Structure formats: C-alpha cells, structure tokens
Amino acid sequence: MNLKEYWDVIRGRLWIIFAMVTLTTGAAYIYSYLNNTPVYETSTRMILSSEDENMNTLMVMIKDPIIMEQVRSDLNLEQSAEGIANQIEVNRLEDSEVIQISVTANDPGVAAAIANKTAEVYKNEIVNILDFEQVQLLSKAEINPYPINEFQDRNLVIAGVFGVIAGIGLIFLLDTLDGAVKTREEVEDFLGIPVIGFVPPMNRKNSTTKKKKNQAHEVEVRGSPLILSKNKKSKLITHFYPESIISEQFRTIRTNIQFLTENRNQHLFLVTSPGKKEGKSTAAANLAVTMAQQKQKVLLIDTNLRNPMMHQLFKVSNTEGLTEILTGRLPFEETVYPTGIGNLDLLTSGQLTSNPSELLGGELMENLLKKVSHKYDVVLVDAPPVLHSNESLLLSHLCEGVVLVLRRKKTDLRKIVEAKKVLDLVNADVVGAIMNERR
C-alpha cells in the first residue's frame with residue numbers, strides 16, 4: 001500500500017480516531033481532576049545580618065525541630081514538627097542577606113500562617129539558641145489563592161496522543177478484518193476479470209456542473225407526454241450533467257466495453273450485482289444513456305420483476321411492460337417507451353408477478369431477446385442480484401455478456417467470488433466489473 005491508500009483507509013473511519021481521542025482525554029481529565037489535590041505556596045522574607053561563613057548555619061536553624069515544634073504548638077497544627085519542616089524551603093536570594101522562607105500546603109491560609117509564624121518564632125528563639133539578634137522581618141507572607149499545581153495539561157496531551165495511536169491501530173485492525181472489496185487489484189486477482197470503471201459517489205460535487213441551467217424535455221409516448229426534468233435527486237447524471245465527473249466515468253466504461261467486445265460481436269449485456277444496494281440499476285440506466293449519446297440505438301430492459309427500479313429512474317408508468325409481453329397480453333411495440341434521450345428506448349418490468357423465474361426462463365423471453373438484439377445496436381438487461389434470485393442465471397445464459405456491479409468498501413469479497421462462481425456454472429461471459437464508490 002502507498003501513502004494515499006493508507007490515508008484512504010484512515011479517512012474512511014476517521015470518526016474512530018475522534019472517538020478514541022475523546023474517550024482517552026476524557027478519562028485523563030476525570031482521573032487528573034479526581035486525583036489532583038491543589039497545593040498552595042507563599043513566602044516571607046527576612047534579613048540575617050551575618051558573615052557568610054555563619055549564614056548556612058543560621059539558615060539551617062530555621063527548620064530546627066525546636067523552631068518547628070513551637071510553630072506547631074502556636075498554630076495548633078495536627079502534623080508533626082518534621083512534617084512542617086518538609087513543607088518549608090529556605091533560600092538565600094542572590095548571595096545577599098535576604099532569606100526567603102517558602103511554605104507549601106493544601107490550604108493557602110495555613111501556608112501563610114506557617115510562613116509568618118516560622119519567621120516570628122525563629123527571630124525570638126535564635127537569640128536563645130545561638131545568641132544571634134540580627135534578624136529583621138522584611139515582608140509577611142500573604143494568602144495566595146492560586147494553586148501551584150494547577151490542572152496539568154501533560155496528562156491530557158499524553159492521553160490525546162495515545163488516543164490517536166490507538167485509533168489508527170483500531171482502524172487498520174478493522175480494515176484487516178473487513179472483507180469488503182477495496183481495490184481494483186482484489187477484483188482482478190480473485191475474479192480474473194478487468195475492472196472497466198469506477199463511479200464516484202453521486203453527490204452534488206461529482207454530479208453537477210455550472211455550465212447548464214435546469215432543463216426539462218418532453219416526448220410524446222402513447223399519446224401522453226413523458227417529461228424528464230432535472231432535480232437534485234435525479235440519478236440520470238449522464239443525461240442532465242453530461243460534463244460531470246460521473247458522466248466522464250460512464251463514458252470510460254462505455255469505451256472499455258466496446259474495446260473488450262469489439263472482436264466478439266457482443267451487444268446484448270446483462271447488468272447484475274452480487275447483492276442488493278450495489279447501485280446496479282442506476283449504473284445500468286446511466287450506461288444506457290451514455291451509449292445512446294453516441295448515436296447508438298439502445299434498449300434498456302428492467303427484468304427485476306420483484307423490485308423494479310427503471311420506471312422510477314425515468315419517471316414513467318409501470319402498469320405495462322415486460323410481464324405483459326411474457327404473459328402474451330401485449331406486444332413489444334405497445335409496451336416500450338421512447339425516452340427522448342437520443343435513441344434510447346425503455347422496457348419497464350410491468351406488473352409484479354409471483355413466478356418471475358418461469359417467465360424469464362421461458363421461450364417467450366428468449367424470443368424477445370433475439371428479436372430486440374437484431375433491432376437495437378445495444379441491449380442492456382437490468383437483472384436482480386445474482387445471489388438473491390436465480391433469474392439472473394437464467395438471463396445470463398441468454399445474454400452475450402455480463403457486467404458485474406460492485407460497491408467499493410461495501411460488497412464482501414467472498415460474495416463477489418461466490419457470484420462469479422455461480423455465473424461460471426452457467427458459462428456466462430463476464431465482461432468486467434464496475435466499481436461504485438461507497439456513498
């Protein structure tokens with residue numbers, strides 16, 4: 001994998017990183033908050049007028065047990081004299097005679113009281129201990145309301161970094177466990193068929209252009225108008241936005257199909273997919289439009305008699321269609337719709353039926369396909385998913401080539417392999433695969 005592929009893997013599950021960072025930093029915040037006891041510091045200063053060689057001795061005496069015990073007694077503190085001494089730090093400021101007594105405590109008032117009391121007791125007791133009187137109190141300790149160990153950001157930073165690393169690791173673990181197809185190489189290696197095109201997500205960015213305004217066209221069909229109008233939800237991108245990225249990809253698919261089949265005289269193609277919601281019908285419709293734009297006479301047939309889609313994509317009635325032909329109620333000429341998009345005709349599924357396999361596998365269907373294959377330059381048959389019904393297998397045996405539609409990062413690779421094996425059992429000629437990007 002190159003860097004772009006790594007980034008694609010991470011970008012697809014970027015929310016995991018955000019979730020992990022939120023979780024780890026939140027836990028770190030709670031832990032730090034519950035275990036962070038505030039510590040306050042304040043200090044007092046005094047002047048010891050003495051020679052340098054005596055200064056260290058005088059400073060050490062500030063924390064002498066005698067002094068500390070007196071401080072504890074005067075302030076009525078619970079901790080021992082040694083404990084109080086551990087809260088005190090004595091420093092000489094820049095080799096001067098000024099001595100700073102700093103005190104830390106969990107209570108700012110107690111810290112100030114210990115500092116001031118220590119200086120006071122020291123001044124009184126050092127006279128008796130060392131016979132030293134040159135002590136002058138310079139400044140009193142004030143209450144400092146701000147803790148010196150304010151909430152530490154360090155834990156949050158560490159937790160955040162850990163969250164990012166853990167999130168990335170989890171993403172790649174899930175990617176490894178995920179059986180969905182991701183690359184062209186996987187399809188070509190496992191199925192032995194070429195990927196003839198990639199269709200980007202059908203969002204506003206990929207499906208619209210600024211060159212054309214909203215348009216609609218009307219064509220007379222059986223005495224009533226068929227109106228195709230552009231709207232944001234229309235999936236006939238190749239018709240309404242021929243300059244879009246998606247339209248360009250379908251033109252590439254069209255060219256690849258023509259290149260792969262030019263020596264085999266194939267023009268009757270079955271469009272199917274391993275499972276549901278792979279974008280099969282939308283791909284078939286846009287491919288049909290693209291072929292019709294090349295001045296070819298194209299017929300698009302909806303053979304999904306359980307869950308038809310073409311009448312919805314082209315906004316036409318589905319009361320009459322393939323079912324009526326196969327049951328002998330109407331001829332082909334009275335059920336086909338001229339869409340008005342080039343030379344593209346549409347044969348919808350017609351009324352739903354409880355026995356689609358019998359109809360699609362019968363002699364009338366075979367005769368119909370033979371008839372239209374002579375009448376049209378290209379015939380595209382939109383069929384149900386391979387692994388959800390046997391109609392696609394019946395139809396693939398009647399068609400000259402099969403185009404398999406997959407959805408990248410959704411279609412399970414094992415399902416794709418299974419679908420290809422099933423098609424091979426009926427000697428279907430799988431021309432190639434179209435990979436739809438996951439929305």
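A short reminder: the numbers here are calculations on the coordinates, not readings from a lab. Quick caveat: nothing in here was measured; it's all calculated off a predicted structure. Reconstructed Cβ throughout: ideal geometry from the backbone, glycine too, with neighbour counts over all protein chains shown.
Could you give the length gained on full extension between His397 and Thr327, defined as 0.36 nm per residue of separation minus the Cα-Cα distance, in nm? Please list the in-between numbers first.
Numbers: separation 70, 0.36 × 70 = 25.20 nm, distance 2.09 nm.
Residue separation times 0.36 nm, minus the Cα-Cα distance, leaves 23.1 nm.
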Average projection area in nm² (convex hull over Cα atoms of the stretch 1-116, one quarter of hull surface):
13.3 nm²
For helix 413-425, report the angle its Cα long axis makes with the longest principal axis of the Cα atoms of the chain; keep it between 0 and 90° and round to the nearest 10°.
20 degrees
Signed unit charges on C-beta, dipole axis of the stretch 245-350, positive-most listed residue Ile257, Phe269, Gln294:
Ile257
Over the Cα atoms of the stretch 341-383, each weighted equally, I'd like the Debye log10 I(q)/I(0) at q = 0.28 Å⁻¹, rounded to two decimals.
-1.20
Using Cα-only point scatterers and the Debye equation, what is log10 of I(q)/I(0) for the stretch 184-436 at each q in 0.13 Å⁻¹, rounded to two decimals?
-0.77
Neighbours of Val127 by Cβ distance under 15 Å: Lys/Arg at +1, Asp/Glu at -1, summed charge -4
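Output the antiparallel fraction of DSSP beta bridges having both residues in the chain, as a percent to the nearest 5.
Just about 50 percent of them are antiparallel.
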Could you tell me the relative contact order of the chain? Use alpha-carbon pairs under 8 Å, at least six residues apart, and round to a whole percent.
17 percent
Which distance in nm do the two modelled labels at Gln312 and His374 give, with both placed 7 Å along the Cα-to-Cβ direction?
3.6 nm
Phi to ³J(HN,Hα) by Karplus 6.51 cos²θ - 1.76 cosθ + 1.60 over the stretch 234-243, Hz, x for Gly, Pro:
5, 9, 8, 4, 5, 8, 7, 10, x, 9
Taking the Cα atoms only, what angle lies between the long axis of helix 65-75 and the longest principal axis of the chain, rounded to 10 degrees?
70 degrees
Over the Cα atoms of the stretch 273-359, what is the Rg over Rh ratio if Rh follows Kirkwood?
0.97
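Structure shown: which of Lys4/Lys295; Lys280/Lys370; Lys235/Lys297 lie over 30 Å apart, alpha-carbon to alpha-carbon?
On the way: Lys4/Lys295 39 Å; Lys280/Lys370 23 Å; Lys235/Lys297 21 Å.
Checking Cα-Cα distances, Lys4/Lys295 exceed 30 Å.
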Equivalent-ellipsoid semi-axes (√(5λ), Cα gyration tensor) for the stretch 63-142, whole Å, largest first?
20, 16, 11
How big is the stretch 15-71 by Rg and Dmax over its Cα atoms, in Å?
23.8, 68
With θ set to phi - 60°, apply the Karplus curve 6.51 cos²θ - 1.76 cosθ + 1.60 along the stretch 111-116 and write out the HN-Hα couplings as whole Hz, x wherever there is a Gly or Pro.
4, 5, 5, 5, 4, 5
Cα centroid separation, the stretch 65-123 to the stretch 335-413 (Å):
93 Å
Return the single residue from Ile30, Ile165, Ile84 with maximal mean-square fluctuation; model: Gaussian network over the chain, springs between Cα atoms under 10 Å.
Ile84
Report, to two decimal places, the Cα Rg of the chain normalised by 2.2 N^0.38 Å (N = number of residues).
1.87
